[in-house]
């Protein structure tokens, strides 16, 4: 019989290897899934993982997209990972992302048609503030009343979606848009736009911010007391209290930071790739970022790689939809499977698989 | 007479340790049989095998002459084997009757069960209200629930794992009466303990375990406690040295400290007052769950109180968090090593940082000085003889004794003016326990005030200058430890909490 | 605004319909949490149940068979969660979230060619005489079988937890899994059973949405109902009858806001449609503010990983 045995200490080797194994297992299971849908599995996998980067005619379009998609995923996931490490579960990043976009774009549009070079930084600040404020709701409710932050942050996603629907056809609607819902296009307004910084790379300010966030999180977690306190709280809350950590302060900081980063990601998106506030602005980045955070093992460098991988499945998925008629839902399922395989293999870092005599348990 | 239970060559290995190595012994009907051994000698594993919780790798058991291989506790119970656990197998949110029902195979309906609980509890002098929620009961009362659960099944063999660690001396006396009556009725009792005097007072036979092996067996009534200790530890034990020392000025003063309970089943602290001088060890005894954790939390700063309730050199500090208290040399070591005093999955270096960042200057502007933290961890390891491959090892990989030496060493090396420890040698082997007690005495000799909260009365009498007892969140007035009798201590601990002597006829 | 367009009798009757999906999911989750497991994947199991029930009902023409398959689908997904959390000891919060994301993807894939189709009607139970009673007949005695089944489930769970030995063991496992293990109870097996039951209930709840309440299949149609069910378990402080109360209160709010929308109330549509979520938050705050009492009834082992070391 197979049984699990707790390791005396967590294994770094397995902790690093499991995401790779999970990706491979997902590819295998995905191949079975695609075959079941009547697609050639090898071609499907190649279309998703290889063609966006190396296909002679698609790569030119796809490669820059990789950065465009990975930027917000990494930015949001970095913020989430800090909270997740401390056992603070912000799963409403999607709502903070939307509110960030609304606040940031709203701040800009209020000053239309200013051409000040300060406009864009102001919008970024407003976006981050919007996301921060939205995340402060579950944070304050949790510290003040002990309300479950998982449920509150998630409920607020639906509220944010309704606000988005309201402002895109109301408050922020383009007055010159002939009555169609949706705001002015920020990309056509130089002072407010978040342009591609280097041609054909997909690099925009949001991607730059994401890279900075990775470095910031790395230093925070490994070299700073706050990072130590975050890790300690997640591993043993009672020891953290003994070490003098103020749990309420940590909740405010972690939820605030993740909200601000998600809000900033929303602003970079609305001022860049999306261009305008519209009813379908919410794209699920806030939820996919949860997968990215776990896939990256809540480690900043891991999240960087996981964000790129997840972006690849997005682009590859679109390509497979176009080329092979693979349904878009298949990609969503594929991403969900990835998280499952990762969680299933996670135990290998802390437990050893033993094959031996069964034990009464 | 044929033995009730025969154990032959029982062996059980876990990765890295052989918990039981060819263990053999017999238990006669009506015998009170002691299993004596240090922490880690393999007593618990052995009885778990008899109770069907753990399956032996090899060896065999017979019960009343027939092969006995319980696949699960249910099977053992069906054969008449019952067990009272050291860490009770009770459910706090459920009431007494429900808890009893969960330990029975085919419990009668609740009202009948309640009646039987009353009946049995009165017969054996263990009064208990079946309708009460277990979370509200004292440790001694909880043990009664466990015992009654066993008695209702009319056991032939009753296993008791360290049953007296939660009782006052008076309650121990009453428990022994109950056990003797049971034995007289023909029930065999397998009694696990490392407390020598108890075993001498109660048991008819003893099997002594050391490092998983049976090293000896004897009639404990014919041996002295010192002889038994030598058999158990395998070497003569050195008692800690206690230099006569002059006491300095008052370091810490508690004045009417009260604290509401932190959790639904917690104990409130009620109006606690005492003073401890420099160079003095104050021992605080009491049965588990009478406010020990809460008192430590109030002193360490994990729980805050009225500022004036605690004064250090006259300055109010009751409102301070743990870190500001560390800054003024008030340090603490809680009872639970894994998860409270130390983070299990973190390395010893990180665990050194956990409390020592301030006094050892391990962080500058919030940025951590890892080399300094590592050096401090290595200093603890070296000074306190912590057996581990290195400071990079995870805390959970250490044995209880080694981790406890690390935890105590971490605080002692930070030169506290006041050190508060809770259960400093709980579950620790004798050698490590002796080292820890010596370290606490040396610290006091160097001029620190030391408060030792413990449930081990022998330990408290050995190292404290004055003794006080916690009972339902109240603290008795401290008395000089020299010359205190067990009887007096028992009364300070609350005597026998409404227990009565068993009155079984015949 | 024309409030007279709102018929109070119809309002109460439709309240019960609106509440049933959440009630089913919440009563299932209650049992799961009582066993000490926190399954945040209710939303994923509901939507899987919704699509399974819809597809089977459309293909076979039998709503009853649809409901059965929805329960099976929900239970299957729940057992996936059980496998991960109970045998592979994964983090329950993360796995529950994963289950939701996975279920949303899976359901979208299964249901992609069923969008826009109408489901076969689930018959109302017409009880002779009783259904014809004025007011009461319309409110209480003319629903489909699932409404009554959900009420029976609440009563059943209440009795199970309060009076039966199985319920006592379930509560014991949720209260202190180590002690339960020491007494010889099969902690993992008991929890898996509870998890599967919770999944089946969530699946039924989902199918009720797609077969009765809407009745159509659209991607992501549960729209947070699973999360609201989780909130209702907290609101109910783990008591079966209060789950019923919570679900019906919530159903009432949902129906009222829909009626107000239809009646053309002066309140913006978005505000009305976000109101159920806001009220859920409000209720959570009120409940957690008086936490000391509720905490007594919360299973003490909730969400903790169990590993029998020896």
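The helix-only estimate of mean residue ellipticity at 222 nm for the protein assembly as shown, built from DSSP H runs of length n ≥ 4 each weighted as -39500 (n - 2.57), is -17000 deg cm²/dmol after division by the residue total.
The distance between label points at residue C:163 and residue B:382 comes to 7.2 nm (points 7 Å beyond Cα on the Cα→Cβ vector). Could you work out how far helix C:42-60 tilts from the main Cα principal axis of chain C, as a 0 to 90 degree angle to the nearest 10? Between helix and principal axis, roughly 60 degrees.
Against the longest principal axis of chain C, how steep is helix C:63-82, in degrees 0 to 90 to the nearest 10, with axes from Cα atoms? That helix lies at roughly 30 degrees to the long axis. If R0 is 25 Å, the Cβ-Cβ spacing of residue B:154 and residue B:132 corresponds to a FRET efficiency of close to 0.55. For segment B:315-329, the residues whose backbone nitrogen is under 14 Å from a point 7 Å from the Cα of residue B:415, taken along Cα to Cβ, are B:327-329. Placing a label point 7 Å from the Cα of residue C:149 along the Cα-to-Cβ line, the residues of segment C:200-229 whose backbone N sits under 14 Å from it are C:200-213. Taking a ≥ b ≥ c as the square roots of the eigenvalues of the alpha-carbon gyration tensor, chain C is classed prolate because a/c is 1.5 or more and a/b outweighs b/c.
Taken along the Cα-to-beta-carbon direction at a fixed 7 Å, the label points for residue B:246 and residue A:40 span 9.6 nm.
If the label point is 7 Å along Cα→Cβ of residue C:112, which residues in segment A:35-55 have backbone nitrogen under 20 Å from it? So the set is A:35-52.
Using R₀ = 51 Å, calculate the FRET efficiency as 1/(1 + (r/R₀)^6) where r is the Cβ-Cβ separation of residue C:305 and residue A:197; round to 0.05. Efficiency, from the Cβ-Cβ distance: 0.65. Note on B:46, B:4: ascending count of other Cβ atoms within 10 Å places them as B:4, B:46, the fewest first.
Across chain B, the mean sequence separation of Cα contacts (distance under 8 Å, 6 or more residues apart), normalised by length, yields a relative contact order of 17 percent.
Counting neighbouring beta carbons within 10 Å and listing from fewest to most, the residues A:99, C:45, A:347, B:104 come out as B:104, A:347, A:99, C:45. Relative contact order for segment A:226-332: 10 percent, from Cα pairs under 8 Å spaced at least 6 residues apart, divided by residue count. Between residue B:185 and residue B:221, the modelled labels are 2.2 nm apart [label points 7 Å from Cα along Cα→Cβ]. Mind jotting down the distance between the C-alpha centroids of segment A:220-267 and segment A:58-115, whole Å? Taking the Cα centre of segment A:220-267 as reference, the centre of segment A:58-115 is 20 Å away. Across chain C, Cα pairs under 8 Å and at least six residues apart give a relative contact order of 38 percent. The order of B:8, B:98, B:171, B:417, going from fewest to most other C-beta atoms within 10 Å of their C-beta, is B:8, B:417, B:98, B:171. So what's the angle, to the nearest 10 degrees on a 0 to 90 scale, between helix C:240-262 and the longest Cα principal axis of chain C? The two axes meet at around 30 degrees.
Evaluate E = 1/(1 + (r/R0)^6) for residue A:178 and residue C:125, where r is the Cβ-Cβ distance and R0 equals 41 Å; express this FRET efficiency to the nearest 0.05. The formula returns an efficiency of 0.20 here. For C:271-280, what's the mean count of beta carbons from other chains sitting within 10 Å of each residue's beta carbon? Per residue, the number of nearby Cβ atoms from other chains is 5 on average.
Throughout, read-outs are computed from the coordinates displayed, never taken from laboratory work. Everything numeric here is computed off the predicted structure, so don't read it as measured data. Positions of Cβ are generated from backbone atoms using ideal geometry, with glycine treated the same way; all protein chains shown enter the neighbour counts.
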